Amino acid sequence: ASRRPTLAWLGDLTLLHDLDGLEAAGNAGWPLTLVVVNNRGGGIFHQLPIAHHRGVFERLFATPRSARLAPLCEALGAHHQQVALAAGAFPEALRNAQQRPGLKLLEISVDRHHSVRRRRAALHACEQALHDWLSRRRQTPAAATDAALNREAAS
């Protein structure tokens with residue numbers, strides 16, 4: 001695993017399916033930030049045609065969940081922060097998370113039934129914040145050293 005700051009984007013259902021991985025990342029002290037879209041189940045599946053068959057869809061695809069992520073993070077040694085998609089809130093939360101050591105989880109709660117539009121907005125905010133963070137990182141002395149080492153290794 002890398003010792004460099006790493007950012008991952010996932011849903012709550014994915015996170016819940018790999019709690020042992022979350023614990024391992026917390027124990028290892030990796031500089032990992034997880035952005036979790038929490039729509040209380042498999043909201044991404046609302047984009048499939050099966051979503052029009054509500055009875056079957058809810059039970060087999062949406063798989064509604066009610067797990068609270070903050071207590072899970074606390075138990076597994078991860079820093080948790082609930083983040084709103086209000087203007088400026090997500091980029092600030094991401095910048096703050098990148099300054100903290102270890103495992104961090106930024107939770108964005110969305111309504112599963114209206115999350116397709118909000119998912120796109122959250123992804124855009126995350127992409128912009130990541131782009132800004134990477135731009136700043138490229139301007140630091142450590143980043144210049146990394147770039148020089150990479151060029152040297154390539155030649």
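Fully extending the segment from R100 to A8, taken as 0.36 nm per residue of separation minus the present Cα-Cα distance, adds 31.6 nm. Electrostatic bookkeeping for K104 treats Lys and Arg as +1 and Asp and Glu as -1; over the other residues with beta carbon under 13 Å from its beta carbon, the sum is 0. Say the dipole of the stretch 6-154 comes from +1 at the beta carbon of Lys and Arg and -1 at that of Asp and Glu; which of L19, H79, H124 then lies farthest toward its positive end? After comparing all options, I get H124.
By count of other Cβ within 10 Å, fewest leading, how are I44, I50, I108 ordered?
I50, I44, I108
For the chain, the normalised intensity computed at q = 0.10, 0.13, 0.16, 0.17 Å⁻¹ comes to -0.43, -0.68, -0.93, -1.02 (log10 of I(q)/I(0), Debye sum over alpha carbons, equal scatterers, no solvent). As a length-normalised measure over Cα pairs under 8 Å and 6 or more apart, the relative contact order of the chain settles at 26 percent. Here is how the number arises for the chain: DSSP H runs of 4 or more residues each give -39500 (n - 2.57), the sum is divided by the residue count, and the result at 222 nm is -15000 deg cm²/dmol.
The distance separating the Cα centre of the stretch 51-129 from that of the stretch 1-42 comes to 11 Å. Per-residue extension of 0.36 nm, minus the Cα-Cα distance of D20 and H114, leaves a gain of 30.8 nm for this segment. Start at zero, step by 5 Å, and the Cα-Cα distances of the stretch 47-114 spread as 3, 14, 19, 16, 14, 13, 12, 7, 2 percent across the bins. The angle between the Cα long axis of helix 141-154 and the longest principal axis of the Cα atoms of the chain comes to about 80 degrees, rounded to the nearest 10.
The numbers here are math on the coordinates, done by the rules we state, and not lab data. Keep in mind the model is a prediction, meaning the values are calculated, not measured. Note: ideal-geometry Cβ built from the backbone for every residue, glycine included; neighbour counts use all protein chains shown.
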